[in-house]
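Here the structure is laid out as structure tokens; the discussion comes afterwards.
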Amino acid sequence: MVCFQLAASQGAGRAGLPPSQPVCVLGPRCSEWLRCCGGGEPRPRTVWLGHPEKRDQRYPRNVINNQKYNFFTFLPGVLFNQFKYFFNLYFLLLACSQFVPEMRLGALYTYWVPLGFVLAVTIIREAVEEIRCYTRDKEVNAQVYSRLTARGTVKVKSSSIQVGDLIIVEKRAPPLLSTGSCFLRTDQLDGETDWKLRLPVACTQRLPTAADLLQIRSYVYAEEPNIDIHNFVGTFTREDSDPPISESLSIENALWAGTVTASGTCPRRGIELRSVMNTSNPRSKIGLFDLEVNCLTKILFGALVVVSLVMVALQHFAGRWYLQILRFLLLFSNIIPISLRVNLDMGKIVYSWVIRRDSKIPGTVVRSSTIPEQLGRISYLLTDKTGTLTQNEMVFKRLHLGTVAYGLDSMDEVQSHIFSIYTQQPQDPPAQKGSAPTTKVRRTMSSRVHEAVKAIALCHNVTPVYESNGVTDQAEAEKHSLGSAHPLPPLLCPQVALVQWTESVGLTLVGRDQSSVQLRTPGDQILNFTILQLFPFTYESKRMGIIVRDESTGEITFYMKGADVVMAGIVQYNDWLEEECGNMAREGLRVLVVAKKSLAEEQYQDFEARYVQAKLSVHDRSLKVATVIESLEMEMELLCLTGVEDQLQADVRPTLETLRNAGIKVWMLTGDKLETATCTAKNAHLVTRNQDIHIFRLVTNRGEAHLELNAFRRKHDCALVISGDSLEVCLKYYEYEFMELACQCPAVVCCRCVTRCDGGNDVSMIQESDCGVGVEGKEGKQASLAADFSITQFRHLGRLLMVHGRNSYKRSAALSQFVIHRSLCISAMQAVFSSVFYFASVPLYQGFLIIGYSTIYTMFPVFSLVLDKDVKSEVAMLYPELYKDLLKGRPLSYKTFLIWVLISIYQGSTIMYGALLLFESEFVHIVAISFTSLILTELLMVALTIQSWHWLMTVAELLSLACYIASLVFLHEFIDVYFIATLSFLWKVSVITLVSCLPLYVLKYLRRRFSPPSYSKLTS
């Protein structure tokens, strides 16, 4: 949207041109959809104001669609996504095979009910998500906005907005007084929560009313849609004026969807919005735990095939042996538990719910419920510094003038210098006889301090807004101090700290608009300056500048401030800049270099002509504008250095110590200087006091990188500090060698990385990580919105990992192995049964018995393992060393898997052989004895596995037992009801159950007695 006029009664709002969220519209194949509909590739366009019918090409609709399916594709799409995985397809083929008479082993519902249950859970979950997406999309697409037409203002839905429409958004935002400009926030696009100034097209400001925009003959030429939200190239042309007026349009005149807007024209909509074009489909993350479970299920499938082949081989491949193989594959299909995936997915939902409900980490949001176990397997933590480890609250600490420096304890001297400049009678005591040289030095220093403070007070984007006392007139605003207002921060937080500091020493910013700045002196005198040009800060230039004219003297001055790496080549030669920047950086301060240059009137007029011409260029505009500005950036006078400190968040130090003791290696990425990054690492205890630090010197080629890597290889147990440039060279030539050495370091600090102070630079890192955790900070919510987990403070990370991550992983490990044990147990019984009866492919249990075994009889006790925990949360936080055991994957490994397989074989064989030995006459008695023993064994094994009882676990055990006893009345087709009421049945079941479980209880006691796990030592 291009801003034209801000009506006094309308204001601006944060709603923006809909859709107001950066979402992916029409799915991932929007470009193909465009081509099919005649849209073709995105092209530049000419948009006539208020006349969408004059469009020169076809544009997509202005709608959002976050749904993965529609009404017709929902069911086929969900089923396809389920059956494209091998094991789901495997169970489908098993169920379908029961329609073949030669392969049928029992009732159809024996196979179709479990499969239908699993699919029903998935379909319901997907349906709920689709309904939520549909509701949100419908709400956004139906938002009503005001469109300016020849008939006046007309209400129109978001989905009906067309390219060329003039839109008025009537939500309030801080307006810039009497200028037609407005502020916007782009936190929904790039995470920046600060207000940014946007300017209207100058020639439209002379129109009496907004409706007159429809009466003029004008158009906007806009570049083709692209993903860059920090730049915009276009021109505004009015043809009905004499001569025709043409103005350049840049990012300062543009408002993206999802930002504050005023009345303006819409040159793009729908999937051509930059918020949409910047939205990529994040990869679907699969945790390490899920990969391990998939590996185990593949082993189980291999065991299924082997057992089936062995059974047929023992029959000497007689008769139709290939059909027998298929029947045995069906018969032993329980080896692969169909309920495993459902149990784990439901467990993940429980873990996510527990995390959200934890009162000790309030505000925590789980945005990806598929990888909570991954929180228990973290080995490396990559973290940004600004807003993550720090508060992103800047405090002014140091002013350095080269020969003298002022700290917090000497700011009264700065205030005295400023006071002496603007008052006739300085506050200093009168000079004694013979002190004339001292007075001269004093006046010279006062002048230097004054120039530095004035430059800091002028060179910024901060605008004071007087809302607390209702001041709206600029003249009255000048009568009030900044203390009764609050500044709107621009791109960088340090600018506000600098402006607030200049107020504290006597030079107060009282007013600012598009063309002027007003400062108040200690003597209540108002200094007026005209803004001739403003060069905003960019992440590429790392500096900002402003050209102002002093209205009292007519002097034109170019002020500039920026990072020392770029300012060192701009200012005049000096012998102290580099040294003092390093000294301040070693104290952990962010350093800005401030300089100025006086311009003659002719010099400025020449510059302005070239600058305007460059801004009107459509092709390579940025390069041409930068070239013109650089012509001024030479031989500037160095005024001062400023140092601000970004303070650490609460409890960052103990949290980092906890992570280090848990075996997690922390890597910090920052855009600060090497010295600043090293100081921050020490202050935050990222590096311990007795730990050596290896500073990787700057390398530019392969040879230097090789030598430095060899030097680094000789160091042991030391933290690494490396610059972004050196890192790039090492990764280019020695990626494997460097990563091998870096991964051995207890901590790594990467400085001078290309980062941004908005949280947006973390997004790609979070999306590529195995588990992304975003911290909601003052720099924006972009990172937290893109993260799998979102926390409000860095210190909450300790509890999120040590407690919830550890519990989630250990619980899922126990749950998965117990579900596998449950399936292997009944499969072992089937194998014994078939072997005894001449390897017949006849099922031991049929009908409801096989379904009830894995559902109502054992499902609740087994699933209650998601509530189990080995230690209290306080103990897990106090002893982070417990987390180290998880990094080795011990709760779920081939060793533990093999142990559970052996337990399953032992118990299944014991139950089956016991039933065969103790039954008397009828086969139905074998079923009754073995099945009852199996149910009791499973319930007792759950009790054996539980380490900390929860009341729901007790309820699940008793409820399952009650369900089984009550269902015996209806199972007369499979179980002799009269037999189970006899004493003979009871003692036989008791003996078999005791033999299958007692040895395991004894082994557990002996293990805890002679080789206790680490956590048991803390709970005893």
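Heavy atoms only, probe 1.4 angstrom, no DNA, RNA or ligands counted: give me R752, R586 ranked by accessible area, highest first. Walk me through the intermediate numbers first.
Numbers: R752 75, R586 130 Å².
In descending accessible area the options line up as R586, R752.
Using bins of 5 Å that start at zero, the share of Cα-Cα pairs per bin across segment 552-624 amounts to 3, 12, 16, 14, 17, 14, 11, 9, 4, 0, in whole %. Residue by residue, segment 349-359 carries 3J(HN,Hα) couplings of 5, 5, 4, 5, 5, 5, 4, 5, 8, 6, 6 Hz when phi is fed to the Karplus relation 6.51 cos²θ - 1.76 cosθ + 1.60 (θ = phi - 60°); x denotes Gly or Pro. Fully extending the segment from A142 to L917, taken as 0.36 nm per residue of separation minus the present Cα-Cα distance, adds 271.7 nm. At what distance in angstrom do the alpha carbon centres of segment 490-564 and segment 585-619 lie from each other? If we compute the Cα centre of each part, the gap is 13 Å.
Using the Kirkwood formula over every pair of different C-alpha atoms, what hydrodynamic radius in Å results for segment 894-1003? It would help to have the intermediate numbers written out before the result.
Working: mean 1/r = 0.0667 Å⁻¹.
Value: 15.0 Å, from the Cα pair sum.
Computed from the Cβ-Cβ distance with R0 of 22 Å, the FRET efficiency linking Q162 to N226 stands at 0.55. For segment 59-102, carbon and sulfur atoms together expose 71% of the accessible surface, with a 1.4 angstrom probe and every protein chain in place.
Go through segment 912-988 and name the chymotrypsin sites (Phe, Trp or Tyr not before Pro) that are in a DSSP coil and have 12 or fewer other Cβ atoms within 10 Å of their Cβ. Filter output for segment 912-988: Y978.
Mind ranking 847-860, 404-417 by how tightly packed they are, going by the mean number of other C-beta atoms within 10 angstrom, highest first? Don't skip to the end; give the middle numbers.
Working: 847-860: 19.9, 404-417: 15.1.
Final packing ranking: 847-860, 404-417.
For F1010, the solvent-accessible surface with a 1.4 Å probe is about 150 Å², rounded to the nearest 10. Between the amide H of V465 and those of H486, L488, distances stay under 5 Å, these residues lying 5 or more places away or on another chain, with hydrogens modeled in the peptide plane. Heavy-atom accessible surface of M877, to the nearest 10 Å², is about 60 Å², with a 1.4 Å probe and all protein chains retained. Quick one: Debye curve from the C-alpha atoms of segment 637-753, no solvent, what's log10 I(q)/I(0) at q = 0.16 Å⁻¹? These q points yield log10 I(q)/I(0) values of -0.77. Largest to smallest in accessible area, the residues K454, K542 fall in the order K542, K454 (1.4 Å probe, all protein chains included). With the full set of protein chains in place, find how many percent of the accessible area of segment 592-709 is carbon and sulfur; take the probe as 1.4 Å. Exposed carbon and sulfur together represent 51 percent of the surface. The chymotrypsin sites (Phe, Trp or Tyr not before Pro) of segment 88-135 that meet both conditions, a loop assignment by DSSP and at most 15 other Cβ atoms within 10 Å of the site Cβ, are F99. Within the assembled protein chains, the solvent-accessible surface assigned to L916 is about 30 Å², based on a 1.4 Å probe.
Translational diffusion of segment 951-1020, estimated by Stokes-Einstein from the Kirkwood radius over alpha carbon pairs at 25 °C in a medium of 0.890 mPa s, is 158 µm² per second.
Here the Karplus relation 6.51 cos²θ - 1.76 cosθ + 1.60, evaluated at θ = phi - 60°, turns the backbone of segment 597-613 into coupling constants of 8, 7, 10, 6, 4, 5, 5, 5, 4, 5, 4, 4, 4, 5, 5, 5, 4 Hz, with x for every Gly and Pro.
For the residues D868, D242, a 1.4 Å probe over the protein chains yields an accessible-area ranking, largest first, of D242, D868. Sparsely packed loop sites in segment 927-1013 (the trypsin sites (Lys or Arg not before Pro) outside DSSP H, G, I, E and B with at most 14 other Cβ atoms within 10 Å) do not occur.
Can you give the Rg to Rh ratio for segment 541-662, taking only C-alpha atoms and Rh from Kirkwood?
When Rh is taken as the Kirkwood radius, the ratio is 1.15.
The values are calculated or read from the model by the stated rules, or taken from the named source; none is laboratory data. Predicted model, so just to flag it, every value in this text is computed and none were measured. Neighbour counts run over all protein chains shown; Cβ positions are idealised from the backbone, glycine included. The area values use the complete protein model at the heavy-atom level, side chains included, leaving out ligands, DNA and RNA. Shrake-Rupley method; radii C 1.70, N 1.55, O 1.52, S 1.80 Å.
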